[in-house]
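> Below are the structure tokens for one structure; questions will follow.
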């Protein structure tokens, strides 16, 4: 059973009003550029609203922390050594544990962050992971855009403007493709490398299978 908690309105959306959510907001604010901070807040609000509109039972604090921290490693200085989503997931689960989350909730946050750019998996996991994924996808590519009333979307964007997000995020993805192409063979960053980065070449899964150390 999901516990009740204090709430408040943010950009017209009812969200949990707890010390952990306040800390997650501040943690994200300190680590994200303004455009990216606005993106993670919008993602949180969209995820929350999608859950409310569809009457999906969910842990509102898990969704808050998962969405707010999902991009804390996405920047033009990223240097690995692992995918930016995994690096962020490890920071997020450490934050969750230090904030007193029990392990099941902390693991949901890890999954929400690690799978945030893999909707083909994230959308089919627990409600919290699926809603985090859906809210993030709505803000990045417009997935389920029409499920939330237009005036609500416009209010959220007005209070947390996009600040050139498409161009800024593209630069981050291209940076990863340039400096860590080996991290892009199985995720969407590859698309940005192939379209925008001269000389980009990601490792091929076909080559990995063919070169496996077995005779057949």
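> Report yes if residue 66 is within 20 Å of residue 146 (Cα to Cα), assigned by TED's automatic domain parsing to the domain that holds residue 142 and in a helix (DSSP H, G or I), otherwise no.
The answer is no for residue 66.
> From the list 79, 47, 92, 64, pick out the single residue that is surrounded by 24 or more Cβ atoms within 10 Å (Cβ to Cβ) and more than 19 Å from residue 140 (Cα to Cα).
92
> Out of 59, 71, which single residue is at pLDDT 95 or above and more than 21 Å from residue 140 (Cβ to Cβ)?
59
> Any idea which of 194, 182, 151 is part of a helix (DSSP H, G or I), assigned by TED's automatic domain parsing to the domain that holds residue 70, loosely packed, with under 15 Cβ neighbours inside 10 Å and free of Cβ contacts under 8 Å to residues at least 40 places away in the same chain?
After applying the criteria, what remains is 151.
> Would it be correct to say that residue 99 is assigned by TED's automatic domain parsing to the domain that holds residue 83, over 19 Å from residue 21 (Cβ atoms) and surrounded by fewer than 24 Cβ atoms within 10 Å (Cβ to Cβ)?
no
> Here is a follow-up. Kindly evaluate residue 75 against the criterion of being at negative phi and part of a helix (DSSP H, G or I).
Spelling it out, it is not the case that residue 75 is at negative phi and part of a helix (DSSP H, G or I).
> Return a yes/no flag: does region 127-138 have any residue that is assigned to a helix (DSSP H, G or I) and exposed (fewer than 14 other Cβ atoms within 10 Å of the Cβ).
Checked region 127-138: no residue is assigned to a helix (DSSP H, G or I) and exposed (fewer than 14 other Cβ atoms within 10 Å of the Cβ).
The values are calculated or read from the model by the stated rules, or taken from the named source; none is laboratory data. Here the structure is a predicted model, which means the values were calculated and not measured. Because the Cβ atoms are built from the backbone with ideal geometry, glycine has one as well, and the counts that use them run over all protein chains shown.
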